[in-house]
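S.K.: Provided herewith is a single structure, encoded as structure tokens, for subsequent inquiry.
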Amino acid sequence: MLNFTVLVGKVKEVPQIRVTSAGTKIATMLLEVDRGFRNSNGEYDQDLFSVVLWRGIAETCCDLLTPGSVIAVKGRLQANNYEPKEGQVYYNAEIVAEKVSFISVKPQSAAGALREEFV
């Protein structure tokens, strides 16, 4: 079995770090990815994907990324579901990042530098 995905897109919002009860750092961000074809108006539609970042990847992304930064994410697709007390089951999917490549990072300050790296 293989669960592998690669996405290249723009960061929609700055990820925010949270700390789990076990002390592990985690962050979630939205990644806007163009579809590979044009719609009836000749424009590319976009999809928004939720990306989960753990530990060092979370810290680095929170330090370097700003809205509009272009990144590549390699990871796995993770499906979740939950059932509130009403009985309706809700499903969602997210990408759990294993590697992030910074393609075009917009500096947060004048001292910031454009970087390409794998975390």
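S.K.: Under the 0.36 nm per residue contour assumption, what length would be gained going from the current alpha-carbon distance of Glu86 and Thr28 to full extension?
M.R.: Gain in length upon complete extension: 18.2 nm.
S.K.: In whole percent, what relative contact order does the range 49-101 give with Cα contacts below 8 Å and a gap of six or more residues?
M.R.: Reported relative contact order: 49 percent.
S.K.: With a 10 Å cut-off between alpha carbons and a GNM built on the chain, which of Phe102, Phe37, Phe49 moves the most?
M.R.: Its mean-square fluctuation being the largest, the pick is Phe37.
S.K.: Going from most exposed to least, what order do Glu43, Glu98 have by accessible area with a 1.4 Å probe?
M.R.: Final ranking, largest accessible area leading: Glu43, Glu98.
S.K.: A follow-up question, please. Using helices alone, what [θ] at 222 nm do you get for the chain, with -39,500 (n - 2.57) per DSSP H run of 4 or more residues, divided over all residues and rounded to the nearest 500?
M.R.: For the chain, the value works out to -2500 deg cm²/dmol.
S.K.: At a threshold of 8 angstrom on Cα-Cα distance, excluding pairs fewer than six apart, so keeping six or more, what relative contact order does the range 1-102 reach in percent?
M.R.: It rounds to 31 percent for the range 1-102.
S.K.: If you don't mind, another one. Only one of the listed values, (1) 6.6; (2) 10.9; (3) 10.4, was derived from the coordinates as mean projected area of the Cα convex hull in nm²; which label is it?
M.R.: Identified label for the calculated read-out: (2).
S.K.: Pairs Lys25/Lys74; Lys25/Lys85; Lys25/Lys99: which are spaced more than 27 Å apart, C-alpha to C-alpha?
M.R.: From Lys25/Lys74; Lys25/Lys85; Lys25/Lys99, over 27 Å: Lys25/Lys85.
S.K.: For the chain, set up a Gaussian network in which alpha carbons nearer than 10 Å are linked by springs, and say which option among Thr60, Thr28, Thr20 fluctuates the most.
M.R.: Result: Thr20 has the largest fluctuation of those listed.
S.K.: Can you work out the PRE-style zone for Phe4? Point 7 Å along Cα to Cβ, and I want the residues of the range 70-99 with backbone N under 18 Å.
M.R.: 72-78, 95-99
S.K.: Excluding same-chain residues fewer than 8 positions from Lys10, which aspartates and glutamates have a Cα within less than 12 Å of its Cα?
M.R.: Filter leaves Glu32, Asp34, Asp47.
S.K.: Accessible area of Lys99, 1.4 Å probe, to the nearest 10 Å²?
M.R.: 90
S.K.: Mind ranking Met29, Met1 by accessible surface for me, highest first, 1.4 Å probe?
M.R.: Largest accessible area first, the residues go Met1, Met29.
S.K.: Something else: Can you say what percent of the DSSP beta bridges in the chain, counting only those with both residues inside, are antiparallel? Round to 5.
M.R.: 95
S.K.: Accessible surface of Val51 in the full protein assembly, 1.4 angstrom probe, to the nearest 10 Å²?
M.R.: 0
S.K.: Which FRET efficiency, nearest 0.05, do Trp54 and Ser21 yield, Cβ-Cβ r, R0 22 Å?
M.R.: The computed FRET efficiency comes out at 0.90.
S.K.: Next up: When every alpha-carbon pair in the range 42-110 is counted, what percent end up more than 16 Å apart?
M.R.: When all Cα pairs of the range 42-110 are counted, 61 percent exceed 16 Å.
The values are calculated or read from the model by the stated rules, or taken from the named source; none is laboratory data. Small disclaimer: the values here were computed from a predicted structure and weren't measured. For neighbour counting, all protein chains shown are included, and Cβ atoms are generated from backbone atoms with ideal geometry for every residue, glycine included. Just so you know, the surface numbers come from the protein's heavy atoms only, side chains and all, with ligands and any DNA or RNA stripped out. Shrake-Rupley method; radii C 1.70, N 1.55, O 1.52, S 1.80 Å.
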